[in-house]
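Colleague: Structure incoming, see below.
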Amino acid sequence: MPYSVHRAANILSWLFSPVAVAPAVYAAVVLLGFANDHNGIYYLMVLFFSSTLAPVLLISGLKKTGKISDYNITFREQRFLPLLVLVAVNALGYEFIQEVHAPRLLTGILLFNSINMILILLITLQWKISIHLFTLTSSIALLFMQFGTPALWFLPLVPLLMWSRISLKAHNFMQTLVGGVVGFLVMYAELKWWTCL
């Protein structure tokens, strides 16, 4: 692969990594969707800790101690422990955000992040699903729930990220496709059900 192509794929992969996409989407949902809620900053702090700070600290620590080989956790066998820890982190975040009676959409994010990581963890025992694609499309589903059809303008990012992950040999086509399709459908169905209760 030419260096320029590899570099472009790598930049896309980092730009649309889970720790970059999730907090950006959560900030948009809270700051634009719940602008008049005086607890908005608290919601953001809990969401940011669960989606970005905790994963970054965890993965950095595991990399430093040799538990994982790289920051993208390329090898399927190395994903079990970080996923298990992040299940607990999101479950804890759910409990915290419940305490201030956050809007159901926001509590649903943390609840279903925890549940969906269990799903990913179970899949990972046998197969390597793309967490990058799962996170991107589930984030688009969240935006769709909050803002409607304008959120679907982000869908062209999906094939771009698929190309990036495949070009970097991090995943094959099916792993990216399944990650993307399942991420959107599962998160949309969960949040739709949760907010209609």
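Read-outs: derived from the displayed coordinates by stated rules, not from any lab. All figures in this text were calculated on a predicted structure; none of them were measured in a lab. Reconstructed Cβ throughout: ideal geometry from the backbone, glycine too, with neighbour counts over all protein chains shown.
Colleague: Return the FRET efficiency for the residue pair Arg104, Leu57: r is the Cβ-Cβ distance, R0 is 22 Å, and the value is rounded to the nearest 0.05.
Modeller: Efficiency, rounded to the nearest 0.05: 0.15.
Colleague: Can you give the relative contact order of segment 3-196 as a percent, counting alpha carbon pairs under 8 Å and 6+ residues apart?
Modeller: 27 percent
Colleague: Place +1 on the Cβ of every Lys and Arg and -1 on the Cβ of every Asp and Glu in the chain, take the dipole about the Cα centre, and give the residue among Phe173, Phe184, Leu143 whose Cα lies farthest towards its positive end.
Modeller: Farthest towards the positive pole: Phe173.
Colleague: For the Cα atoms of the chain, what angle does the longest principal axis make with the long axis of helix 54-64, in degrees from 0 to 90, nearest 10?
Modeller: With rounding to tens, the tilt is 30 degrees.
Colleague: Using only Cα atoms, tell me the angle between helix 104-124 and the longest principal axis of the chain; keep it within 0 to 90° and round to the nearest 10.
Modeller: With both axes taken from Cα atoms, the answer is about 30 degrees.
Colleague: Using a 7 Å offset from the Cα along the Cα-to-Cβ direction at both Ser4 and Asp37, what is the distance between the two label points in nm, to one decimal?
Modeller: 4.6 nm
Colleague: Among Trp127, Trp153, Trp163, whose mean-square fluctuation peaks in a Gaussian network model of the chain (Cα, cutoff 10 Å)?
Modeller: Comparing Trp127, Trp153, Trp163 in the GNM, the peak value goes to Trp153.
Colleague: Next question, about the same structure. Just subtract the alpha-carbon distance of Lys67 and Trp193 from 0.36 nm times their residue separation and send over the number in nm, one decimal. Numbers along the way, then the final one.
Modeller: Values: separation 126, 0.36 × 126 = 45.36 nm, distance 3.76 nm.
Here the answer is 41.6 nm.
Colleague: Can you give the charge dipole size of the chain about its Cα centre, rounded to the nearest 20 debye, using +1 on the beta carbon of Lys and Arg and -1 on the beta carbon of Asp and Glu? Show your work: numbers first, answer last.
Modeller: Numbers: 11 positive and 6 negative charges, 128 e Å.
For the chain, the charge dipole is close to 620 debye.
Colleague: Which of the trypsin sites (Lys or Arg not before Pro) found in segment 114-197 are in a DSSP loop and have at most 11 neighbouring Cβ atoms, other than their own, within 10 Å? Could you put the intermediate results ahead of the total?
Modeller: Values: sites: Lys128, Arg165, Lys169, Lys192; in loops: Lys128, Lys169.
Passing sites in segment 114-197 are Lys169.
Colleague: Something else about it: Compute the acute angle (0 to 90°) between the alpha-carbon long axis of helix 80-99 and the principal axis of greatest extent of the alpha-carbon atoms of the chain; round to the nearest 10°.
Modeller: That works out to roughly 10 degrees.
Colleague: With point charges of +1 on the Cβ of Lys and Arg and -1 on the Cβ of Asp and Glu, referenced to the Cα centre of segment 3-196, which listed residue (Trp194, Met45, Thr74) lies farthest in the positive direction of the dipole?
Modeller: Sorting the options by dipole projection puts first Thr74.
Colleague: Among Thr176, Thr137, Thr52, Thr149, what is the fewest-to-most ranking by other Cβ atoms within 10 Å?
Modeller: Values: Thr176 24, Thr137 27, Thr52 18, Thr149 7.
Fewest-to-most Cβ neighbours within 10 Å comes out as Thr149, Thr52, Thr176, Thr137.
Colleague: Per 10 Å bin from zero, what fraction in whole % of the C-alpha pairs of the chain is there, up to the bin with the longest pair?
Modeller: 9, 36, 37, 15, 2, 0
Colleague: At most 16 other Cβ atoms within 10 Å and a DSSP loop assignment: could you name the trypsin sites (Lys or Arg not before Pro) in segment 49-95 that fit? It would help to have the intermediate numbers written out before the result.
Modeller: Details: sites: Lys63, Lys64, Lys67, Arg76, Arg79; in loops: Lys67, Arg79.
For trypsin sites (Lys or Arg not before Pro) across segment 49-95 that sit outside H, G, I, E and B with at most 16 neighbouring Cβ atoms in 10 Å, the list reads Lys67.
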